[in-house]
Amino acid sequence: MKYDFISVMDRRGKDALAVDGIGKTVWGYEPALPEEGFDIIPMWVADMNFPTAPAITEAISERLSHPAFGYFEPRKEYFDSVISWQERRNGVRNLTPEAIGYENGVLGGVLSALNTFCSRGDSVLLHSPTYIGFSGALKNNGFRMVFSPLKQDDSGIWRMDLADMEKKIRQEHIHAFLFCSPHNPTGRVWDPEELSGLSALLEKYEVRIVSDEIWSDLILGDKPHIPFQSVSAYTRKNTVALYAPSKTFNLAGLIGSYHIIYDRVLRERVEKESSLCSYNEMNVLSMYALIGAYSHGGEEWLEELL
């Protein structure tokens, strides 16, 4: 094994929510401290307990050797890294820098897209069970959540209930669907037939899509991730897809994600919405972390991990 996924790091005193946050109420759902004599054992997926890929820390360290951190723009290598990664990992062809936009985080990108698609108070369709980040962000920003429960088939596999989704789209006058692919928390990697059926349903009612595909790199087995934008002409034009290296490369505490939006008008509207708070600006570490992850040895680290 080339990389160390075995050694136990001592993370105490580094302000890690998964370790030092236990027993506190930073987010409101942290577990209590264990009883005396028992250790804290973090069991997160988004905050793993082994070092991140050396390529990432090397890329950041190389940039830190120059001690100037003024205003800057993302460099060509940033876009090239995303384009190359999407082609190698997801089979995406003809992705251009124009379709790629920086987001400080996936949830921020979700809200920027929903603010473009909807008015505050509008209903947004989601599957349930759902990611707690979705429910918190949508509630805090005035959107009404309508849930369509996933159902287990005879083999115990969680499936979309397209009939239930259609019923709720009609009854609730829904214009936006927040999709999670692969699905958090069930872990489903959606089949091509499922995605085709979903695409046809959303096109029928002209529902626009925000697709969180942050888990697309952490897939076990041979089933590939299918970007929802690749399913049909409709999904390509009407989907805001969101990605980040944070879950993949154990970088959850370092901000930085990106969207892919192919339609020019939609892209310009989302980018305008993202700019309004004057917060959604890239920092130098996030850019170099992504470059290190996607283009300088990160994939080798990931493949050994999986």
Query - Top-ranked residue in region 63-109 [being of a type in the set (Gly, Ala, Ser) and open to solvent by 50 Å² or more (accessible area, probe 1.4 Å); ranked as modelled with the lowest pLDDT] - result: GLY70
Query raised in the report: Taking region 160-190 on its own, how many of its residues are of a type in the set (D, E, K, R) and touching a residue at least 24 places away in the same chain (Cβ under 8 Å)?
Result: 5
Query - Flag if SER123 is within 22 Å of TRP85 (Cβ to Cβ), open to solvent by less than 50 Å² (accessible area, probe 1.4 Å) and in contact with an Asp or Glu (Cβ under 6 Å, 6 or more places away or on another chain) - result: no
Query - Conditions (1) farther than 23 Å from MET287 by Cβ; (2) at pLDDT 95 or above; (3) more than 17 Å from the chain's Cα centre (by Cα): number failed by THR130 - result: (3)
Query raised in the report: Within the group LYS2, LYS24, which residue is over 25 Å from GLU213 (Cα atoms) and either modelled with pLDDT under 85 or within 24 Å of the chain's Cα centre (by Cα) (or both)?
Result: LYS24
Report task. Could you check how many residues of region 223-236 are under 14 Å from PRO192 (Cα atoms), open to solvent by 50 Å² or more (accessible area, probe 1.4 Å) and of a type outside the set (S, T, N, Q)? Result -> 2
Report task. Go through (1) farther than 27 Å from THR248 by Cα; (2) surrounded by fewer than 14 Cβ atoms within 10 Å (Cβ to Cβ) one by one and return the number of the condition ILE157 breaks. Result -> (1)
Query raised in the report: Are any of the residues in region 175-182 more than 18 Å from VAL124 (Cα to Cα) and open to solvent by less than 30 Å² (accessible area, probe 1.4 Å)?
Result: yes
Report task. Identify all residues within region 187-200 that are open to solvent by 40 Å² or more (accessible area, probe 1.4 Å) and more than 14 Å from SER230 (Cβ to Cβ); write none if there are none. Result -> GLY187, GLU193, ALA200
**Report entry** Members of region 35-60 that are modelled with pLDDT of 90 or more, surrounded by 12 or more Cβ atoms within 10 Å (Cβ to Cβ) and not hydroxyl-bearing (Ser, Thr, Tyr)
**Finding:** ALA53, PRO54, ALA55, ILE56, GLU58, ALA59, ILE60
Report summary line: Across region 116-132, the tally of residues that are over 12 Å from ARG208 (Cα atoms) and of a type outside the set (Asp, Glu) stands at 11
Query raised in the report: All but one of (1) assigned to a loop (DSSP other than H, G, I, E, B); (2) over 23 Å from ALA252 (Cβ atoms); (3) not polar (S, T, N, Q) hold for VAL8; which doesn't?
Result: (2)
Report summary line: Considering region 281-306, residues that are outside any helix (DSSP H, G or I) and among the hydrophobic types (A, V, I, L, M, F, W, C), and then whichever is least open to solvent (accessible area, probe 1.4 Å), we arrive at MET282
Report summary line: Filtering region 251-280 down to residues that are among the hydroxyl-bearing types (Ser, Thr, Tyr), open to solvent by 10 Å² or more (accessible area, probe 1.4 Å) and not in a helix (DSSP H, G or I) yields TYR262, SER278, TYR279
**Report entry** Selection status of SER211, modelled with pLDDT of 95 or more, open to solvent by 30 Å² or more (accessible area, probe 1.4 Å) and of a type in the set (Gly, Ala, Ser)
**Finding:** no
Query - Among residues of region 237-247, those that are part of a loop (DSSP other than H, G, I, E, B) and open to solvent by 10 Å² or more (accessible area, probe 1.4 Å), counted - result: 2
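The values are calculated or read from the model by the stated rules, or taken from the named source; none is laboratory data. Everything numeric here is computed off the predicted structure, so don't read it as measured data. Glycine also receives a Cβ, built like all others from the backbone with ideal geometry; neighbour counts cover every protein chain displayed. Accessible surface areas use protein heavy atoms only, side chains included; no ligands, DNA or RNA. Shrake-Rupley method; radii C 1.70, N 1.55, O 1.52, S 1.80 Å.
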